[in-house]
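Visitor: My structure is below; once you've seen it, I'll send some questions.
The values are calculated or read from the model by the stated rules, or taken from the named source; none is laboratory data. Everything numeric here is computed off the predicted structure, so don't read it as measured data. Virtual Cβ from ideal backbone geometry, glycine too; neighbours counted across all protein chains shown.
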Amino acid sequence: MKLPIRLLAAALPLLLAACAHKEAVRPVPKADYATLLNQQRAREHQMAKTDHWVLQGKIGVSGQVNGKSDGGSGTLTWTQNGDSYEFVVRGPVGSKSFRLSVNPDGAVLEGLEGGPLRSPDAESLVQKALGWNVPLHDLRAWVLGLRADSGPAELTFGDDGLPTLLTQDGWKVSYPTWDTTRDPAVPNKVFAENPPYKVKLSVESWSFQ
């Protein structure tokens, strides 16, 4: 059965538009791994001196203490000043709230019963006082989407060329979303897991100095 010429003329623009739409949404070929790794190295080099910033967001920590599940959550203000930093965590009513101040000389934990607690090592202090296993040294790099200096790391990249998974020092760090409005981009969410321990960071704002 032959279609009338008028009907064919009317249908032709629709067919061309459909073809153009298919062409427009064709996925861009993903770069090879070596190229993506070089892009990550360039990004890490660009951010190597980024050591003065403030992160506002939420933190959640879970794990086990003496064989029992334990953890906590709250709002987080993380202020980084070179080799020194400060964590201020405010938990819900009835939960733990504290201030952790760390510099090259050691760490001070305030806000808990028993007065200020001090230790030369921040990670062991937090684990002993709160029961939280948080890789604070590595987290400083991971939160920026960078590899830490603690040893070899494996990276998996997404279609946007940014890391989706970083495996290092026994931890798997996933990056569900990034803030690509910044140059270079920084993570919006950072989920670190080393069973049975988990650390979840949701970033609400970054402020770089």
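Visitor: Looking at the stretch 111-123, which of its residues are within 23 Å of ASP51 (Cβ to Cβ) and either without any contact (Cβ under 8 Å) to a residue 12 or more places away in the chain or in contact with a strand residue (DSSP E or B) (Cβ under 8 Å, 6 or more places away or on another chain) (or both)?
Guide: SER119, PRO120, ASP121, ALA122
Visitor: Kindly establish whether THR181 is outside any loop (DSSP other than H, G, I, E, B), free of Cβ contacts under 8 Å to residues at least 40 places away in the same chain and either polar (S, T, N, Q) or closer than 21 Å to SER150 by Cα (or both).
Guide: no
Visitor: Let me ask something else. Can you report the number of residues in the stretch 109-128 which are surrounded by 15 or more Cβ atoms within 10 Å (Cβ to Cβ) and either among the polar types (S, T, N, Q) or within 25 Å of the chain's Cα centre (by Cα) (or both)?
Guide: 7
Visitor: Any residue in the stretch 187-204 that is assigned to a loop (DSSP other than H, G, I, E, B), on the phi < 0 side of the Ramachandran plot and either at pLDDT 95 or above or of a type in the set (D, E, K, R) (or both)?
Guide: Yes, the stretch 187-204 contains a residue that is assigned to a loop (DSSP other than H, G, I, E, B), on the phi < 0 side of the Ramachandran plot and either at pLDDT 95 or above or of a type in the set (D, E, K, R) (or both).
Visitor: GLU193 versus (1) exposed (fewer than 12 other Cβ atoms within 10 Å of the Cβ); (2) under 20 Å from SER73 (Cα atoms): which is the lone unmet condition?
Guide: Of everything listed in (1) exposed (fewer than 12 other Cβ atoms within 10 Å of the Cβ); (2) under 20 Å from SER73 (Cα atoms), GLU193 misses just condition (1).
Visitor: Would a scan of the stretch 166-176 turn up a residue that is closer than 22 Å to GLN40 by Cα, of a type in the set (D, E, K, R) and not in a strand (DSSP E or B)?
Guide: yes
Visitor: Out of VAL89, VAL108, VAL126, report the one residue that is in contact with a strand residue (DSSP E or B) (Cβ under 6 Å, 6 or more places away or on another chain), under 26 Å from TYR175 (Cβ atoms) and of a type in the set (A, V, I, L, M, F, W, C).
Guide: Result: VAL89 is the single residue among VAL89, VAL108, VAL126 that is in contact with a strand residue (DSSP E or B) (Cβ under 6 Å, 6 or more places away or on another chain), under 26 Å from TYR175 (Cβ atoms) and of a type in the set (A, V, I, L, M, F, W, C).
Visitor: If HIS137 passes every condition in (1) touching a Ser or Thr at 6+ places or on another chain (Cβ under 8 Å); (2) assigned to a strand (DSSP E or B) but one, which one does it miss?
Guide: Unmet condition: (2).
Visitor: Taking into account only those residues within the stretch 32-68 that are of a type in the set (Ser, Thr, Tyr) and touching a residue at least 12 places away in the same chain (Cβ under 8 Å), which is surrounded by the most Cβ atoms within 10 Å (Cβ to Cβ)?
Guide: Among those residues, the one meeting the criterion is SER62.
Visitor: Does GLY82 satisfy the criteria of being at positive phi and either modelled with pLDDT of 70 or more or surrounded by fewer than 11 Cβ atoms within 10 Å (Cβ to Cβ) (or both)?
Guide: yes
Visitor: Something else about it: Give the number of residues within the stretch 143-170 that are surrounded by 15 or more Cβ atoms within 10 Å (Cβ to Cβ), touching a Phe, Trp or Tyr at 6+ places or on another chain (Cβ under 8 Å) and either at pLDDT below 95 or within 20 Å of VAL89 (Cβ to Cβ) (or both).
Guide: 1
Visitor: Further question: How many residues does the stretch 87-96 hold that are farther than 28 Å from MET47 by Cα and surrounded by 17 or more Cβ atoms within 10 Å (Cβ to Cβ)?
Guide: 1
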